[in-house]
1. Quick check on segment B:102-209: take the gyration tensor over C-alpha atoms, sort the square-rooted eigenvalues as a ≥ b ≥ c, and tell me if it's rounded (a/c under 1.5), prolate or oblate.
2. So what's the convex hull volume per residue for the Cα atoms of chain B, in Å³?
3. Across peptide B:124-134, what mean number of C-beta atoms from other chains lies inside 10 Å of a residue's C-beta?
4. Using a 10 Å cut-off on Cβ to Cβ distances, tally the other chain neighbours for every residue of B:172-183 and report the average as a whole number.
5. Could you give the alpha-carbon Rg of chain A over 2.2 N^0.38 Å, rounded to two decimals?
6. Using modelled backbone amide H atoms (1.01 Å from N, in-plane), which distant-in-sequence or interchain residues come within less than 5 Å of A:SER103's amide H?
7. Once each part is reduced to its C-alpha centroid, what is the distance from segment A:112-136 to segment A:65-101 in angstrom?
8. More than 31 Å apart: what percent of Cα pairs in the protein assembly as shown qualify?
Amino acid sequence: MSLAALAAGKSGLFSPAYADEALQPTKSMRGGSNNYSPGAPLVDNLGKGFLVHGSVLRAGSGEPLANVRIQIWAATARGGEREPSNHGSVLTAADGSFKLEMSQIVPNFGQPHAHLAYDDAEFETVFLRPVMGSAEDTSVQAHFILASA
Amino acid sequence: MSTLGLALINRIRQLLQAVCVFVILVPFTLAALSPLQSGREIEYVAGALAGVLALSLLFIQPLLAAGLLSDISLARARWWHRRVGVALVVAVAVHIAGLFLASPADMSDALLLVAPTPFSLYGVVALWALVLTVLSALVRYRRGTRVSLWNALHTTLTLVVVGASIVHAWMIEGTMNGLSKTVLCILVVLASLGTLVYLKSVTAVSTRG
């Protein structure tokens, strides 16, 4: 544990407490990992017309995390969440932001929604399942606050 | 019953028969043609359409039980009611199995009451009310049940099936055409409540002495 972390009041043997409420690690959402297929390939896009975007920050410090892989999948007119061409990864930019253009997300199992995951070694795994406000929306966003693994 | 009353009842039966054909064919066809079926595996399509069919069958069921669909004997109509009940169970089974095969994780979340979607709970409630309906019907068949108890039990359980199914279908954003879903849900409610009112009034007349 670094001196800075100690100074910030980290405590707890198994899960560190974070001083700043706003920068608690994001918890995985219910159903977030459904139809997850590890190792989605890095892609330029998964089609056109819809934007999945967001940011990745470090828990506690809020520092933007660059070059972090975010895996994304959702149902489109090409097929459901198990359709391989609906799975892809992107890396976060220097400012911690990421974006992926894809085909329009369509309702699946009754709700228009996307799945995003961080599932690599450096930080704790997180699965997100943001629900779109409407099936007509052309974008959806999700933000990760990651805790060190 | 007077000749006029009989003629009126038969007119109503003919009308309801026509509505039944509409109710079975239209929502199913529109759902099958939905753009949301695009690219979907057959299990998902079958699961979704089976759900639509189950909802349509909920319109027919109470009308059959009350003899409101045909001038065949009430006993015969209730024979059909039991057969359609089996069809309903099969439709619900295909709905669940198809969706489970399409996405085991999503369906098991729903069945275990941990799905993130609000409508899943209503589907599971409808499912268990349907299971209890079938079990209680089997008990009645094998051991017999006091009529008053059977009426109370069956009415309550089937109202739960109908109510929960409608809420379930209503909240889902899926392959059902919006207008067909609205009309079908209203018709299902009318069929259930209308049948109850009709049966109560018939009983009242026949016990008036």
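1. Numbers: a/c = 3.69, a/b = 1.56, b/c = 2.37.
Oblate.
2. Details: hull volume 25.8 nm³, N = 209.
Dividing the Cα hull volume of chain B by its residue count gives 124 Å³.
3. 0
4. For this peptide, the per-residue mean of nearby foreign Cβ atoms is 2.
5. 1.09
6. So A:SER103 has HN proximity to A:LEU46, A:GLY47, A:LYS48.
7. 9
8. Values: 30835 of 63903 pairs.
Result for the distance tail: 48 percent.
Read-outs throughout are calculated quantities, based only on the coordinates presented, and are distinct from any laboratory measurement. The shown structure was predicted, so the numbers you read here are calculated from the model rather than taken from an experiment. Note: ideal-geometry Cβ built from the backbone for every residue, glycine included; neighbour counts use all protein chains shown.
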